[in-house]
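The values are calculated or read from the model by the stated rules, or taken from the named source; none is laboratory data. Keep in mind the model is a prediction, meaning the values are calculated, not measured. Positions of Cβ are backbone-derived with ideal geometry, glycine not excepted, and every protein chain shown enters the neighbour counts. Quick note on the areas: whole protein, heavy atoms, side chains included, nothing else; ligands and nucleic acids left out. Shrake-Rupley method; radii C 1.70, N 1.55, O 1.52, S 1.80 Å.
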Amino acid sequence: MTSLELITQSPEATRALGRRLGELCVGGEVVLLHGNLGAGKTVFAQGLALGLGVSPEEPVVSPTFLIHIQYQARLTFNHIDAYRLLGKADTSFLAIDELIDNQGVMAVEWAEYLGNDIPHKRLEVTLQLCGEDSRLLRLEPRPAADQHYTALLDALAEHHP
């Protein structure tokens, strides 16, 4: 599958979709989150964290001012918010290549601000408001034919109501 479009009807449903993706992750995944303010990027990341085994009691918030928060779980979860970054000069301190490993998953909110540091292999998730609580999510593997990410999309499609 080269892309997947799903509609969620509530923040809980968006979180549940993220959780399902997290449950399917095996390590090494990079999830880049795009969307306007309030589109649900952090809600999706919260679900991803739950699926990776981050405790429901541990608050997963957008690391807007911290830029990077790491959570220990079944797989390490590296949560990045690139909103305050200004391009490659500001992203070099993140050592993004070092955060991508087989023991963890990285999610980046406002990924378009990473400049040239966008990882080659990744899952692009674009969230778009389509109602007060409804969201259209478009999930696209990069490169488009990446077998691992297309298998993740197939599995997500099977279990989405």
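Being open to solvent by less than 50 Å² (accessible area, probe 1.4 Å) and assigned to a strand (DSSP E or B) is the filter here, so list the residues in the range 120-161 that pass it.
Arg122, Leu123, Glu124, Val125, Leu127, Arg135, Leu136, Leu137, Leu139, Glu140, Pro141
Scan the range 52-71 and give yes if some residue there is closer than 20 Å to Glu140 by Cβ and either among the β-branched types (Val, Ile, Thr) or under 13 Å from the mean Cα position of the chain (by Cα) (or both), otherwise no. Break it down into steps so the answer makes sense when it comes.
Kept after step one, since they are closer than 20 Å to Glu140 by Cβ, are these residues of the range 52-71: none.
Checked the range 52-71: no residue is closer than 20 Å to Glu140 by Cβ and either among the β-branched types (Val, Ile, Thr) or under 13 Å from the mean Cα position of the chain (by Cα) (or both).
Would you check if Val60 is at pLDDT 95 or above, closer than 22 Å to Gln9 by Cα and open to solvent by 10 Å² or more (accessible area, probe 1.4 Å)?
Numbers: at pLDDT 95 or above: no; closer than 22 Å to Gln9 by Cα: yes; open to solvent by 10 Å² or more (accessible area, probe 1.4 Å): yes.
It is false that Val60 is at pLDDT 95 or above, closer than 22 Å to Gln9 by Cα and open to solvent by 10 Å² or more (accessible area, probe 1.4 Å).
Could you list all residues from the range 63-119 that are modelled with pLDDT of 90 or more and open to solvent by 100 Å² or more (accessible area, probe 1.4 Å)?
Gln72, Arg74
Within the set of pairs 6+ apart or on separate chains, which have a first residue in the range 135-155 that is farther than 16 Å from His34 by Cβ, a second that is open to solvent by 60 Å² or more (accessible area, probe 1.4 Å), and C-beta atoms under 6 Å apart?
Between residues of the range 135-155 that are farther than 16 Å from His34 by Cβ and residues that are open to solvent by 60 Å² or more (accessible area, probe 1.4 Å), the close pairs are Ala144/Thr2; Asp146/Lys121; Thr150/Met1; Leu153/Met1; Asp154/Met1.
Rundown of residues vs (1) free of Cβ contacts under 8 Å to residues at least 60 places away in the same chain; (2) under 12 Å from Leu137 (Cα atoms), yes/no style:
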| site | (1), (2) |
| --- | --- |
| Gln9 | no, yes |
| Gly18 | yes, yes |
| Glu29 | no, no |
| Leu32 | no, no |
| Leu37 | yes, no |
| Lys41 | no, yes |
| Ala45 | no, no |
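Residues Val60, Val54, Val30: which one is within 17 Å of Leu127 (Cα to Cα) and of a type in the set (A, V, I, L, M, F, W, C)? Step through it out loud before you land on a result.
Values: Val60 fails: within 17 Å of Leu127 (Cα to Cα); Val54 fails: within 17 Å of Leu127 (Cα to Cα).
None of the others qualify; the one that does is Val30.
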